[in-house]
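Notes to accompany the following structure.
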Amino acid sequence: MTQNSPISILVVEDEPAQRKLIVQMLAAQEHRVTSAASVEDAIVSLKQQTPDLIFSDWKLGQLTGMDLLRYVRTHYPDIGFIIATAYGTITHAVDAMQAGADDYLAKPYQRQTLLLAIDKVAKSTQLKQQNRQLTSALAEQQQLVGLVGKAPCMQKVYTRVQRISATDATVLIGGESGTGKELAARALYQLSDRHNKPFVTINCGAIPESLAEAELFGAEKGAYTGANTLKIGKLEAADGGTLFLDEIGELPLLQQTKLLRFLQEGVVSRIGQNTEMTLDVRVIAATHRDLQAEVAAGRFREDLYYRLNVVPIHMPALRQRREDIGRLVEHFLCLHAKQYGVTAPKLTAKTLKVLLDHPWPGNVRELANRIERFVLLADEQEMIAELNSCAPAISQSQFVLPDEGIEWENFEKHCLQQAMDRHDGNRTKAAKLLGLSYKAFLYRLEKHQLV
Ligand SMILES: Nc1ncnc2c1ncn2[C@@H]1O[C@H](COP(=O)(O)OP(=O)(O)OP(=O)(O)O)[C@@H](O)[C@H]1O
Ligand SMILES: [Mg+2]
């Protein structure tokens, strides 16, 4: 709003001739003017459309401009407010300013005085609004691009992401499935100087081992059977930008070696290429696995682990930030309602409690899916029944050993850790959750150096 730039003004004046005069005067300056003859009319008008500024007379039938001012300051703190007081009633002016009026005009006033006052207040109102927007933008930074959550453990994540986003440091994001690792990687990218360069992602768990090398590093035409054309690898495609290596724990050992070479020397070569290419790629990796345990088991190169782990970021499990569940529920209700163009169904207090108490083993992803289904079906009973049926399934643990087997020590450590997390470190309760005696539980904690 520069000087004299048009704004929207509500004129409140009970005397019709006077009202008409003021409206004409302001409309002649191209302001968008509406008017009301009483405090009640003004409030109705405000509810329909919020003006930038209100110019109100003091005396308005039974009520006064002060009544309107108090209402406006409670409900619309950003609207500019100028009040016209009768000549000689300086106490009125003082009262009005104390109640939050931006200015007052003593009657009778000149046309020019009114216009000047309007300009001045319009400018300061705009500053006030900008200031408020800035403050709320700052508050929103606590949220970080796309990530919902205000728990202290999330604040730590945001601080870390912000601090390192400007650098080219390699980042390793850990955390259980569905905790937002990919979202954090994208936030890192969006906040970085490389945000208008490519963001290339590769899910190392989703490519067959035989194709992994070509997929990552590329292949010359004819480098292997079936390589009919030149294949550009993901690393090359990300040149100048960022490469997100999702599920890095699944990368075959052979490709780990080649990736390490790139991280150390910045060079790669396509399969079948005799020369080397120097690339400028910022690498962000993520895994739900305990990479240190993978190293111990000989499935992950130790030197690569250290190379990747320059800056680790750990995404907390949802059960470790229960205070965010309500916020996330609301977020996904709005998000999916918008996505499907429906009104978000209401949750009863009882259902909300079930949601808040649920252990959410699948973390935010599980919560998002549940709420999406609820938005589509609006079937609260079904959601409660499903959530309730999860609890016994977990405690009865119909665990099926995967075909490829499991790493027992690692598995045990995870069970212990999760039990401790779930009961905020209360060992008695954690032991009970695992069906172990306190002594047996403690023995295992010590074995895994978790005490
Ligand atoms: N803090 C959060 N705020 C809002 N949405 C979130 C948050 N964390 C995760 N999500 C949403 O939950 C889903 C899972 O997140 P994401 O894919 O980033 O998790 P992940 O840790 O990479 O999971 P996985 O290990 O299963 O790949 C996505 O739809 C994502 O948008
Ligand atoms: Mg992921």
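The values are calculated or read from the model by the stated rules, or taken from the named source; none is laboratory data. Bear in mind the structure is a predicted one, so any value in this text is a computation, not a measurement. Positions of Cβ are backbone-derived with ideal geometry, glycine not excepted, and every protein chain shown enters the neighbour counts. All accessible areas refer to the heavy atoms of the entire protein, side chains included, with ligands and DNA or RNA removed. Shrake-Rupley method; radii C 1.70, N 1.55, O 1.52, S 1.80 Å.
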Query raised in the report: So which residues in segment 278-290 are in contact (Cβ under 8 Å) with a residue 60 or more places away in the chain and under 20 Å from Leu235 (Cβ atoms), if there are any at all?
Result: Arg282, Val283, Ile284, Ala285, Ala286, Thr287
Query raised in the report: Condition test on Ile118, is it at pLDDT 85 or above, part of a strand (DSSP E or B) and open to solvent by less than 50 Å² (accessible area, probe 1.4 Å)?
Result: no
Query - Tabulated pairs, segment 109-125, first at positive phi, second among the aromatic types (Phe, Trp, Tyr), C-beta under 8 angstrom, 6+ apart or interchain - result: none
Query raised in the report: So Ala393 fits all but one of (1) assigned to a helix (DSSP H, G or I); (2) open to solvent by less than 90 Å² (accessible area, probe 1.4 Å); (3) modelled with pLDDT of 85 or more; (4) away from ligand 1 (no atom under 16 Å from the Cβ); what number is the exception?
Result: (3)
Query raised in the report: Which ones in segment 96-105 are open to solvent by 50 Å² or more (accessible area, probe 1.4 Å) and touching a strand residue (DSSP E or B) at 6+ places or on another chain (Cβ under 9 Å)?
Result: Met97, Tyr104
**Report entry** Flag for Thr74 being without any contact (Cβ under 8 Å) to a residue 12 or more places away in the chain, in a helix (DSSP H, G or I) and under 22 Å from Leu127 (Cα atoms)
**Finding:** yes
**Report entry** segment 359-383 residues that are without any contact (Cβ under 8 Å) to a residue 24 or more places away in the chain and within 15 Å of ligand 2 (Cβ to nearest atom), paired with ones that are assigned to a loop (DSSP other than H, G, I, E, B) and open to solvent by 60 Å² or more (accessible area, probe 1.4 Å) (beta carbon under 8 Å, 6 or more apart)
**Finding:** none
Query raised in the report: What number goes with the only condition from (1) outside any strand (DSSP E or B); (2) surrounded by 14 or more Cβ atoms within 10 Å (Cβ to Cβ) that Val33 does not pass?
Result: (1)
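Going by the conditions given, is Ala297 on the phi < 0 side of the Ramachandran plot, assigned by TED's automatic domain parsing to the domain that holds Thr167, among the aliphatic types (A, V, I, L, M) and touching a helix residue (DSSP H, G or I) at 6+ places or on another chain (Cβ under 9 Å)?
So Ala297 passes the test.
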Report summary line: Within segment 173-199, the residues that are closer than 21 Å to Leu263 by Cβ and more than 13 Å from ligand 1 (Cβ to nearest atom) are Ser192, Asp193, Arg194, Lys197, Pro198, Phe199
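Would you confirm whether or not segment 75-94 contains a residue that is charged (D, E, K, R), open to solvent by less than 50 Å² (accessible area, probe 1.4 Å) and at pLDDT 90 or above?
Among the residues of segment 75-94, not one is charged (D, E, K, R), open to solvent by less than 50 Å² (accessible area, probe 1.4 Å) and at pLDDT 90 or above, which makes the answer no.
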Query raised in the report: Looking at (1) in contact with a helix residue (DSSP H, G or I) (Cβ under 7 Å, 6 or more places away or on another chain); (2) modelled with pLDDT under 90; (3) within 16 Å of ligand 1 (Cβ to nearest atom); (4) open to solvent by less than 80 Å² (accessible area, probe 1.4 Å), which is the only condition Ser165 fails?
Result: (3)
Requested in this report: Inspect all residues belonging to segment 215-229 and state whether any of them is β-branched (Val, Ile, Thr), open to solvent by 10 Å² or more (accessible area, probe 1.4 Å) and out of contact with any helix residue (DSSP H, G or I) (no Cβ under 9 Å at 6 or more places or on another chain).
Outcome: yes
Query raised in the report: Which one of the conditions (1) at pLDDT 90 or above; (2) surrounded by 15 or more Cβ atoms within 10 Å (Cβ to Cβ); (3) more than 25 Å from Met154 (Cβ to Cβ) does Met420 fail to meet, given that it meets all the rest?
Result: (3)
Query raised in the report: Can we say Ser56 is assigned by TED's automatic domain parsing to the domain that holds Lys128, open to solvent by less than 50 Å² (accessible area, probe 1.4 Å), more than 40 Å from the chain's Cα centre (by Cα) and over 30 Å from Gln130 (Cβ atoms)?
Result: no
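Gly61 - would you say it is open to solvent by less than 10 Å² (accessible area, probe 1.4 Å) and in the same structural domain as Ile22 (by TED's automatic domain parsing)? Reasoning before the result, please.
On the way: open to solvent by less than 10 Å² (accessible area, probe 1.4 Å): no; in the same structural domain as Ile22 (by TED's automatic domain parsing): yes.
In short, no.
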Report task. Please go through segment 336-377 and pick out each residue that is part of a helix (DSSP H, G or I), charged (D, E, K, R) and more than 15 Å from ligand 1 (Cβ to nearest atom). Result -> Lys350, Lys353, Asp357
Report summary line: Taking segment 42-53 and keeping residues outside any loop (DSSP other than H, G, I, E, B) and touching a residue at least 24 places away in the same chain (Cβ under 8 Å) leaves Ala42, Ile43, Ser45, Leu46, Leu53
Query raised in the report: Out of Lys234, Lys221, Lys258, which single residue is closer than 30 Å to Val364 by Cβ, of a type in the set (D, E, K, R) and more than 16 Å from ligand 1 (Cβ to nearest atom)?
Result: Lys234
Requested in this report: Please state which one of Ile325, Ile284 is open to solvent by less than 20 Å² (accessible area, probe 1.4 Å), out of contact with any Gly (no Cβ under 9 Å at 6 or more places or on another chain) and within 16 Å of ligand 2 (Cβ to nearest atom).
Outcome: Ile284
Report task. Take Gly178 and decide whether it is in the same structural domain as Asp280 (by TED's automatic domain parsing), touching a residue at least 40 places away in the same chain (Cβ under 8 Å), within 11 Å of ligand 2 (Cβ to nearest atom) and open to solvent by less than 70 Å² (accessible area, probe 1.4 Å). Result -> yes
